[in-house]
Amino acid sequence: MKAFYTDHFVLPLPPDHRFPMQKYARLRERVIAEGVIAPENLIVPDAATDEQILRAHSAEYLHAVQQGALSIREMRRIGFPWSLEMVERSRRSAGATIAACRTALEDGISANLAGGTHHAFRDHGEGYCVFNDSVIAARAMQAEGRAMRVVIIDCDVHQGNGTASILAGDPTVFTFSVHGAKNFPFEKAQSDLDIELADGVEDAAYLEAVEEGTRRALAASGADLAIYLAGADPYVDDRLGRMALTMTGLAERDRTVLNLCRSAGVPVALAMAGGYAPNVEEIVEIHLQTLKIAAGKS
C-alpha cells in the first residue's frame with residue numbers, strides 16, 4: 001500500500017496549542033518502525049494547484065489565504081495563526097488526498113497520513129481546516145476522468161459540515177457523516193446522509209450506525225471511489241469527542257467500512273481526520289491500527 005505524508009511541513013504553533021500536530025510525524029515513524037508500509041511507498045505529494053483548489057473554494061478565499069489577508073476573526077475561526085508554512089501545508093495535505101485517490105483507483109486502497117479537513121467551506125475555514133481536501137480530491141478525480149461518482153464516508157466524531165455545504169445539490173458526490181449530535185459544529189449542515197449519535201455512545205451502537213450508514217451510502221451513491229475519513233476522535237479518552245469507543249471498537253469500525261467497500265468493488269482513499277486525546281501516542285495508535293487494517297496487516 002502507498003501512503004502520502006506532509007508531516008515535514010511544520011506549522012509554527014505555540015507548545016500549548018490544543019491541536020496535536022506532532023501526531024503526524026509520530027505516525028509516520030511508527031508506520032516505518034512496524035513495517036506497515038515500506039519506506040519507498042511513503043511519498044511526499046505535490047501541492048494542490050490553484051485550479052484544483054478552485055473547484056471547491058472561491059477565488060476570493062484562496063487569494064486571502066495565499067496573501068495572509070484573512071481577518072483576525074477568520075483566522076481565529078480556523079484555529080491556526082497564518083503563516084507561509086500553513087499555506088504550503090494546507091496545499092500539500094489536499095495534494096496528498098488527491099494522490100491517495102489516484103493511487104486507490106489503481107491499487108484498490110491508499111492513504112493520506114493527514115487530511116480529513118472537512119470543516120472548510122467554499123469561502124471560509126474553521127475547526128483547524130483551511131482547504132477541504134476531500135472535496136478538492138473528489139472533483140480532481142472527476143476532472144481527470146478517473147471517477148465519475150464518489151462517496152465520502154466521514155467517521156470523524158464531528159459532522160463534515162464544510163463538505164456537506166460545498167457539495168449540496170451535487171448528485172455526483174454522496175456525503176455520509178456519522179457524528180455526535182451535540183458536538184461541534186453546533187449548527188449542522190445537511191449531508192446526503194447524516195446519522196447523529198448521543199454523547200457517551202459505546203462500541204455496539206456506534207458500529208451498528210456505521211454499518212447501516214455505509215451500506216446505505218454505497219447503495220445510493222453508485223460510487224467509483226470512496227474517500228474514508230477515519231477519525232480517531234470517537235475514542236473514549238478524546239478531549240473533544242464525547243463518545244466512548246474503545247480502540248477495539250475503532251478497529252472494528254475500520255474493518256467494517258473497508259470490507260463493505262471491498263465487497264462493493266469500490267476503491268478507498270483514507271484520510272486520518274481528527275484525534276485529540278491528551279496522550280498523543282493513543283491517537284497515533286488508533287491511526288496506526290487503521291493503516292494496518294487497510295494494508296492487510298491486522
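The values are calculated or read from the model by the stated rules, or taken from the named source; none is laboratory data. Fair warning: this is a prediction, and the values are worked out from it, not measured in the lab. Cβ sites come from the backbone with ideal geometry, for glycine too, and all protein chains shown count toward neighbours.
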Check: Out of all the residues in the range 96-107, is one or more in contact with a helix residue (DSSP H, G or I) (Cβ under 7 Å, 6 or more places away or on another chain), farther than 26 Å from N259 by Cβ and either surrounded by 16 or more Cβ atoms within 10 Å (Cβ to Cβ) or aromatic (F, W, Y) (or both)?
Finding: no
Next item on the list: Pull up the range 40-80, narrow it to residues that are among the basic types (K, R) and part of a helix (DSSP H, G or I), then point me to the one that is surrounded by the most Cβ atoms within 10 Å (Cβ to Cβ).
Entry: R77
Next item on the list: Determine the pairs where a residue that is closer than 15 Å to D224 by Cα, located within the range 101-130, has a partner that is at pLDDT below 95 and of a type outside the set (S, T, N, Q) with Cβ atoms under 8 Å apart, the partner being 6 or more residues away or on another chain.
Entry: none
Check: Name the residues in the range 224-243 that are touching a helix residue (DSSP H, G or I) at 6+ places or on another chain (Cβ under 8 Å) and of a type in the set (A, V, I, L, M, F, W, C), would you?
Finding: L225, A226, I227, L229, A230, A232, M243
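R77: touching a residue at least 24 places away in the same chain (Cβ under 8 Å) and more than 23 Å from I109 (Cα to Cα), yes or no?
Details: touching a residue at least 24 places away in the same chain (Cβ under 8 Å): yes; more than 23 Å from I109 (Cα to Cα): yes.
When the stated conditions are applied, R77 passes them.
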Item checked: Which numbered condition M141 fails, given (1) within 30 Å of D199 (Cβ to Cβ); (2) more than 16 Å from the chain's Cα centre (by Cα) -> (1)
Notebook entry, point to check: In the set G116, G125, which member is more than 12 Å from the chain's Cα centre (by Cα), closer than 26 Å to G169 by Cβ and at pLDDT 95 or above?
Noted result: G125
